[in-house]
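Peer 1: Dropping a structure here in structure tokens format, bear with me for questions.
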Amino acid sequence: AVARLAPASPTAFQVVMAGFDLLTGGLLMIVLRRLQKPPTLALVYLWNPLVVVEFAHGAHLDALMIALILGALAALIAGRRGWSAILLALATLTKGLPALLLFAIWPRWRARDWLTYAALIGGLSLPYVRGAGLGLFGPRDGVGLLGAIRIYAYQWDYNGGIYHWLAGWTTGIRTPGGLLPETPGVLTAKLIAAGLLGLALLWTAWQARRSEDDLSLVRLSLVPFAAYLLLTPTVHPWYVTLLAPFIAFEIAAQTRRSAPAYGIWNLGFGISLLYWTWSASLSYLTYIDLANPRETDPVRLWEYLPLYLSFLIGLGLSLRARATRATPPPATD
């Protein structure tokens, strides 16, 4: 619609994506207010430099995807399961990644909601499948509904975190950049990363059954997205904007007197992700020399090492706090 109304206009796309960005901020305030948390915590998202640059300047379509995800969560918390299914289906059609949210919200949906979700995705995809096919077989030329995803999964390797070091271990090749997909050991690294992601998703689904309050739900919704981005071979800066709105919920969880439902995902985790949304833009230094774009080890270390260290420190503090709470008070006469 934007392309038809304003052909070849980058400014038009910037304005529209900035609009979706502001919509996400508004939805975040609505959810925080419903959770009885300060709506001003939405500024953690709205004032995030990465979000501003990637949407108001870069005009990435992730702004639409994130707005639809927040809309689905807001509808679910409001008890409108049907609308949550519709909005999550549209989010999934935007980029696919929002389907991971199903592992966190599945206990709250009924059969009708699952049918709505599946019908929308299938119905809106069908015209394209009939015209170009699924693209799951044959040459990797990008043709078909899923043809580009095949290319992405097979050969893209840029600015990865845990996966990068996994690939260095399985291949025995130390390089600051990505490895060719045909390199022996690359497939092993991808399978290990996929297995770790699968464990994170199973853990999320298991915890979802125990999630009773809405704040626990939205915090748990962060886990599949964070696990994916930590384990995927490719992390462009705008990918990390997906985590930005959930940081507000991590901070909000620390304002209640009782312990968070998931103490392991404590304030330290929120601060870790906040740092990542700032440090991810360092990967743009890849293009400082356009004649010879390349990744460097210092950039990767500055982006990821503080992230892992702050997470481990937060995890340790959280476990210590849980152990202290579990210790019974001394007996008195």
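Peer 1: If I ask for residues that are surrounded by 23 or more Cβ atoms within 10 Å (Cβ to Cβ) and either among the small types (Gly, Ala, Ser) or at pLDDT 95 or above (or both), which ones from the stretch 205-229 would you list?
Peer 2: Passing the criteria: 221, 224.
Peer 1: Could you say whether any residue in the stretch 196-208 is touching a Ser or Thr at 6+ places or on another chain (Cβ under 7 Å) and not charged (D, E, K, R)?
Peer 2: Of the residues in the stretch 196-208, the ones touching a Ser or Thr at 6+ places or on another chain (Cβ under 7 Å) are none.
Taking every residue of the stretch 196-208 in turn, none turns out to be touching a Ser or Thr at 6+ places or on another chain (Cβ under 7 Å) and not charged (D, E, K, R).
Peer 1: Being open to solvent by 70 Å² or more (accessible area, probe 1.4 Å) and either within 19 Å of the chain's Cα centre (by Cα) or hydroxyl-bearing (Ser, Thr, Tyr) (or both) is the filter here, so list the residues in the stretch 29-48 that pass it.
Peer 2: 40, 47
Peer 1: Does residue 174 count as exposed (fewer than 14 other Cβ atoms within 10 Å of the Cβ) and modelled with pLDDT of 95 or more?
Peer 2: On the way: exposed (fewer than 14 other Cβ atoms within 10 Å of the Cβ): yes; modelled with pLDDT of 95 or more: no.
So residue 174 fails the test.
Peer 1: Can you name the number of the only condition in (1) open to solvent by 70 Å² or more (accessible area, probe 1.4 Å); (2) part of a helix (DSSP H, G or I); (3) farther than 18 Å from residue 96 by Cβ; (4) not aromatic (Phe, Trp, Tyr) that residue 127 fails?
Peer 2: Failed condition: (3).
Peer 1: Also, I was wondering about something else. Among the residues that make up the stretch 191-202, is at least one of them over 19 Å from the mean Cα position of the chain (by Cα) and crowded, with 18+ Cβ neighbours inside 10 Å? Even if it seems obvious, please write down each step before you answer.
Peer 2: Going residue by residue through the stretch 191-202, those that are over 19 Å from the mean Cα position of the chain (by Cα) are 191-192.
When the remaining residues are screened for being crowded, with 18+ Cβ neighbours inside 10 Å, the result is none.
No, the stretch 191-202 contains no residue that is over 19 Å from the mean Cα position of the chain (by Cα) and crowded, with 18+ Cβ neighbours inside 10 Å.
Peer 1: One residue is enough: does the stretch 65-76 have a residue meeting the conditions open to solvent by 50 Å² or more (accessible area, probe 1.4 Å) and not polar (S, T, N, Q)? Please lay out each step first, then the result.
Peer 2: Residues of the stretch 65-76 open to solvent by 50 Å² or more (accessible area, probe 1.4 Å): none.
Checking the stretch 65-76: not a single residue is open to solvent by 50 Å² or more (accessible area, probe 1.4 Å) and not polar (S, T, N, Q).
Peer 1: In addition: Here are the criteria: (1) modelled with pLDDT under 95; (2) under 19 Å from the mean Cα position of the chain (by Cα); (3) open to solvent by 40 Å² or more (accessible area, probe 1.4 Å); (4) under 30 Å from residue 37 (Cα atoms). Tell me which single one residue 152 does not satisfy.
Peer 2: (4)
Peer 1: Exactly one of these conditions fails for residue 163: (1) touching a residue at least 60 places away in the same chain (Cβ under 8 Å); (2) open to solvent by 30 Å² or more (accessible area, probe 1.4 Å). Give me its number.
Peer 2: So residue 163 meets the others, but not (2).
Peer 1: Looking at 311, 269, can you tell me which residue is closer than 30 Å to residue 77 by Cβ, open to solvent by less than 40 Å² (accessible area, probe 1.4 Å) and either in a helix (DSSP H, G or I) or modelled with pLDDT of 90 or more (or both)? Please lay out each step first, then the result.
Peer 2: Values: 311 fails: open to solvent by less than 40 Å² (accessible area, probe 1.4 Å).
Exactly one residue qualifies, and that residue is 269.
The values are calculated or read from the model by the stated rules, or taken from the named source; none is laboratory data. All figures in this text were calculated on a predicted structure; none of them were measured in a lab. Every residue, glycine as well, gets a Cβ built from its backbone with ideal geometry; the counts of neighbours run over all protein chains shown. Only protein heavy atoms, including side chains, enter the accessible area calculation; ligands, DNA and RNA are left aside. Shrake-Rupley method; radii C 1.70, N 1.55, O 1.52, S 1.80 Å.
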